[in-house]
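S.K.: Here it is, the structure in full.
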Amino acid sequence: MTGDPDDGPGPTEWTTAPEVGVGPWDGPWPTDPRYDPELLAGGDRRNVVDRYRYWRREAIVADLDTRRHPFHVAIENLRHDANIGTIVRTANAFLAAEVHVVGRRRWNRRGAMVTDRYQHVRHHPGVVELVAWAREVGLAVVAVDNGPGAAPLETTVLPRACVLLFGQEGPGLTPEATAGADLVVSIAQFGSTRSINAGVAAGIAMHAWVREHAAP
């Protein structure tokens, strides 16, 4: 099916993206120390919501820290999983307490779209260390995997204080991760594929937590 040439450019034909953010501050500058003089002078084109326009990065993080939710997100990083950036960005959107990278310390930050500057990210050498840390701070470990015996996410009440743990794209969670979890949940699927993208699965699980525990 071909489109009408008069319909205008399609999303793959745009040559320039619309400019994001705001220009230099118009009028007397605010005296609140949360505002950044460089941003006031040059404009703020960052990927932040309007309430944080012109704010210093440290001030944004401090404000977010007063409102973070008590769920954490963890992902095993055995093969430099490209989904970690997406998961960090989604965790920032849902205001997770922290993101935990388990395994390799290095990860591709491109998918995070700079949101890792505002999201706390912690590293653990392995699942054993992650589970031990979760036990120490009183968090339940909820593994998300479509393996045998998993409880349906759609009908399971997630613990309020928890770590949502995800495996690698492809192989899924390691046996150590499943064994260390307090609860294993699965995401319902109805098509022919055996699994969904790890970044998508993380977003679904985080939103399930938000629907149960976070006020709109």
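The values are calculated or read from the model by the stated rules, or taken from the named source; none is laboratory data. Being a predicted model, the structure only gives us computed values, none of them experimental. Using ideal geometry, Cβ is built from the backbone for each residue, glycine included, and neighbour counts are taken over all protein chains shown. Side chains included, ligands, DNA and RNA excluded: accessible areas come from the protein's heavy atoms. Shrake-Rupley method; radii C 1.70, N 1.55, O 1.52, S 1.80 Å.
S.K.: For Ala96, indicate whether it is open to solvent by 20 Å² or more (accessible area, probe 1.4 Å), in contact with a helix residue (DSSP H, G or I) (Cβ under 9 Å, 6 or more places away or on another chain) and within 28 Å of Arg122 (Cβ to Cβ).
M.R.: Numbers: open to solvent by 20 Å² or more (accessible area, probe 1.4 Å): no; in contact with a helix residue (DSSP H, G or I) (Cβ under 9 Å, 6 or more places away or on another chain): yes; within 28 Å of Arg122 (Cβ to Cβ): yes.
When the stated conditions are applied, Ala96 does not pass them.
S.K.: Restricting the search to the range 16-56, which residues are basic (Lys, Arg) and exposed (fewer than 15 other Cβ atoms within 10 Å of the Cβ)? Walk me through it before giving the result.
M.R.: Within the range 16-56, the first condition is being basic (Lys, Arg), and the residues that meet it are 34, 45-46, 51, 53, 56.
Within the range 16-56, Arg34, Arg45, Arg51 qualify.
S.K.: For Pro175, work out the one condition from (1) of a type outside the set (S, T, N, Q); (2) free of Cβ contacts under 8 Å to residues at least 12 places away in the same chain; (3) in contact with a Leu (Cβ under 6 Å, 6 or more places away or on another chain) it doesn't fulfil.
M.R.: With (1) of a type outside the set (S, T, N, Q); (2) free of Cβ contacts under 8 Å to residues at least 12 places away in the same chain; (3) in contact with a Leu (Cβ under 6 Å, 6 or more places away or on another chain) applied to Pro175, the lone miss is (3).
S.K.: Also: In the range 103-147, how many residues are under 18 Å from Asn83 (Cα atoms), in contact (Cβ under 8 Å) with a residue 60 or more places away in the chain and in contact with a strand residue (DSSP E or B) (Cβ under 6 Å, 6 or more places away or on another chain)?
M.R.: Qualifying residue count for the region: 1.
S.K.: Out of Arg105, Arg135, Arg160, Arg122, I need the residue that is within 21 Å of Ile60 (Cβ to Cβ), open to solvent by 40 Å² or more (accessible area, probe 1.4 Å) and either of a type in the set (D, E, K, R) or in a loop (DSSP other than H, G, I, E, B) (or both). Which one? Give the steps one after another, and end with the answer.
M.R.: Numbers: Arg105 fails: within 21 Å of Ile60 (Cβ to Cβ); Arg135 fails: within 21 Å of Ile60 (Cβ to Cβ); Arg160 fails: within 21 Å of Ile60 (Cβ to Cβ).
Selected residue: Arg122, the only one of Arg105, Arg135, Arg160, Arg122 that is within 21 Å of Ile60 (Cβ to Cβ), open to solvent by 40 Å² or more (accessible area, probe 1.4 Å) and either of a type in the set (D, E, K, R) or in a loop (DSSP other than H, G, I, E, B) (or both).
S.K.: Would you point out which residue out of Val88, Val48, Val99 is under 18 Å from the mean Cα position of the chain (by Cα) and under 20 Å from Leu183 (Cα atoms)? Outline the logic, then answer.
M.R.: Details: Val88 fails: under 20 Å from Leu183 (Cα atoms); Val48 fails: under 20 Å from Leu183 (Cα atoms).
After applying the criteria, what remains is Val99.
S.K.: Then there's this: Within the range 138-157, can you find the residues that are crowded, with 19+ Cβ neighbours inside 10 Å and farther than 17 Å from Ile196 by Cα?
M.R.: Answer for the range 138-157, where residues must be crowded, with 19+ Cβ neighbours inside 10 Å and farther than 17 Å from Ile196 by Cα: Leu139, Val141, Val142.
S.K.: Go through the range 73-99 and give me each residue that's over 19 Å from Val200 (Cβ atoms) and either assigned to a strand (DSSP E or B) or acidic (Asp, Glu) (or both).
M.R.: Answer for the range 73-99, where residues must be over 19 Å from Val200 (Cβ atoms) and either assigned to a strand (DSSP E or B) or acidic (Asp, Glu) (or both): just Glu98.
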